[in-house]
Amino acid sequence: MSYGLGLSEKKQARQRRSRFFKFIFYIALLAGAGTYGYYEGQANAERRIADIEGQVIALTSENDRLNDQARAALDKQSAALAEARVWRDKFENEIPTGAVRDILTLVQQRINDGLEAERLQSLITLAQNSQNCDPAPETKRFIVNTPIFSSPGNSVSLGNGTITVTGKGKSAVNAENRVEAWYDPNEPVEITFTQLGGQTEQLSGVLPLHKSVVFGANEYRFSILAGKQSFATISATRCDFP
């Protein structure tokens, strides 16, 4: 009996040791897994931190690049605005305006019409503010032609017969909506100035009309006003030209 009991106790002791070592093994295994998980997690965290730091560096570099581009664009814009102001000031200072611009336009027009530049330059040189004009204007009246009534004799001569003036306009309409023979002074008329030799100048619009015409060495300043029925009145002041 005592021998069998001793074997049983030894067997139980081995079982206890086996369970103890298994327990220690499991504890060690768990500790190793925990340690591995800890260090692996730490490594992952460090890798993520490194990745984030890399992204931060890349984003910072891109931000710096964009800021440099923005500053360069602002510098270009400032330079362009400064250049635009320079050209604007140059335009305002050098481009003629007002009466000077009108004179230059007229000069260009006369040159395009065939007037020699030397002749125009000579006339401009001779021009002066004071002029030698006749003491009193020459005033006459004439019949304005209409589609109903027109005659070659409906004209008037001025400047000792050197200029002939004729006019034509629209027929007046009476209260009964019937066309009359005389012209309507409220409608545009066309006035023609003809110099001896055939040179002509024309003027159109609603009366009164004013025009300065140069024929040779004379400048005529005309004023045409509406007169009595069928008539218009013209006044001409002659001045030396230029």
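The values are calculated or read from the model by the stated rules, or taken from the named source; none is laboratory data. From a predicted model like this one, the values you see are computed outputs, not experimental measurements. Note: ideal-geometry Cβ built from the backbone for every residue, glycine included; neighbour counts use all protein chains shown. All accessible areas refer to the heavy atoms of the entire protein, side chains included, with ligands and DNA or RNA removed. Shrake-Rupley method; radii C 1.70, N 1.55, O 1.52, S 1.80 Å.
Consider region 137-162. How many of its residues are at pLDDT below 90 and either surrounded by fewer than 13 Cβ atoms within 10 Å (Cβ to Cβ) or in contact with a helix residue (DSSP H, G or I) (Cβ under 6 Å, 6 or more places away or on another chain) (or both)?
5
Please identify the pairs in which a residue from region 215-229 that is more than 26 Å from Y183 (Cβ to Cβ) has its Cβ atom under 6 Å from the Cβ atom of a residue that is open to solvent by 50 Å² or more (accessible area, probe 1.4 Å) and part of a loop (DSSP other than H, G, I, E, B), counting only partners at least 6 apart or on another chain.
Cβ pairs passing all conditions: A217/F241; N218/F241; E219/F241.
Going by what's in this entry, would E176 be described as out of contact with any Gly (no Cβ under 9 Å at 6 or more places or on another chain) and either surrounded by 13 or more Cβ atoms within 10 Å (Cβ to Cβ) or among the aromatic types (F, W, Y) (or both)?
So E176 does not fit the description; no.
What are the pairs with Cβ atoms under 6 angstrom where one residue, in region 53-76, is surrounded by 10 or more Cβ atoms within 10 Å (Cβ to Cβ) and the other, located anywhere, is assigned to a helix (DSSP H, G or I)? Sequence gap at least six, or different chains.
none
Would you please name the residue that is surrounded by the fewest Cβ atoms within 10 Å (Cβ to Cβ), looking only at residues in region 179-200 that are β-branched (V, I, T) and under 15 Å from A236 (Cβ atoms)? Give the steps one after another, and end with the answer.
Applying the first criterion (β-branched (V, I, T)) to region 179-200 yields 179, 189, 191-192, 194, 200.
Then drop every residue that is not under 15 Å from A236 (Cβ atoms), which leaves 191-192, 194.
Working: I191: 23, T192: 15, T194: 18.
Within region 179-200, the match that is surrounded by the fewest Cβ atoms within 10 Å (Cβ to Cβ) is T192.
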